[in-house]
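Data block below; observations after.
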Amino acid sequence: EFVASRLIKQMILAGKDVRNAKVYLLGLTFKENCPDIRNTRVVGIIQYLHEYGINVQIVDPWADRAEAAKEYGVDIIDIVNVKDADAIVLCVAHKEFVALSAEEINALYSSEGKNVFFDVKSAFSKEQFKDYNFSYWSLWKLSEGVVYEEISFWKNLMLWYKFTCLSIYGDVAC
């Protein structure tokens, strides 16, 4: 939920109409350059974005399309079909995605407003997109603003843990 809620926030800040947004998730598999979709965390992002009525499309050259449809009810498209994106989320750092240049990624967006690019795997750097109108966000890189995001994430996790312990056991000593 953290990535999805942060994505929605960035889209709003970039002036995107969230309810009518086209969001493309790059990667569905459990890890990069592997066809295994079992235990993928990407499904949680998809479900959260669907709750807001966001049109989510999945691109994954490694995942089996039939298995993805059967297990998670999602259709996988080819990257050549990505057009007029409002936001793109790099969920899995497949070699095909990491090989994309900033120019190639920029061409996947609509021409309206800032291009929201979420790099969950920190495969790129903000510097790579400096020549384009990007709102770049990375989960783990220690760059501008990200230290706060990491601290905020762990702080929220600890608060959840304490709340859960209070709810179940009546104290935080669990």
Once amide hydrogens are built 1.01 Å from N within the peptide plane, the residues lying 5 or more places from residue 55 or on another chain with amide H under 5 Å from its amide H are 21, 23
Here the FRET efficiency for residue 66 versus residue 101, based on Cβ atoms and R0 = 30 Å and rounded to 0.05, is 0.45
Share of Cα-Cα pairs in segment 1-43 lying beyond 15 Å, as whole percent: 53
Could you estimate the translational diffusion coefficient of segment 91-130 from the Stokes-Einstein equation, with Rh from the Kirkwood formula over C-alpha pairs, at 20 °C and 1.002 mPa s, in whole µm²/s? 196
Sorted from largest to smallest, which semi-axis lengths in Å does the alpha carbon gyration tensor of segment 54-138 give for its equivalent ellipsoid, taking the root of 5 times each eigenvalue? 23, 14, 11
How large is the direction-averaged shadow of the alpha-carbon convex hull of segment 1-86, in nm²? 5.5
Extension gain residue 19-residue 34, at 0.36 nm per residue separation less the Cα-Cα distance, in nm? 2.2 nm
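Since every read-out is calculated from the coordinates, none of them should be taken as a lab result. Small disclaimer: the values here were computed from a predicted structure and weren't measured. Virtual Cβ from ideal backbone geometry, glycine too; neighbours counted across all protein chains shown.
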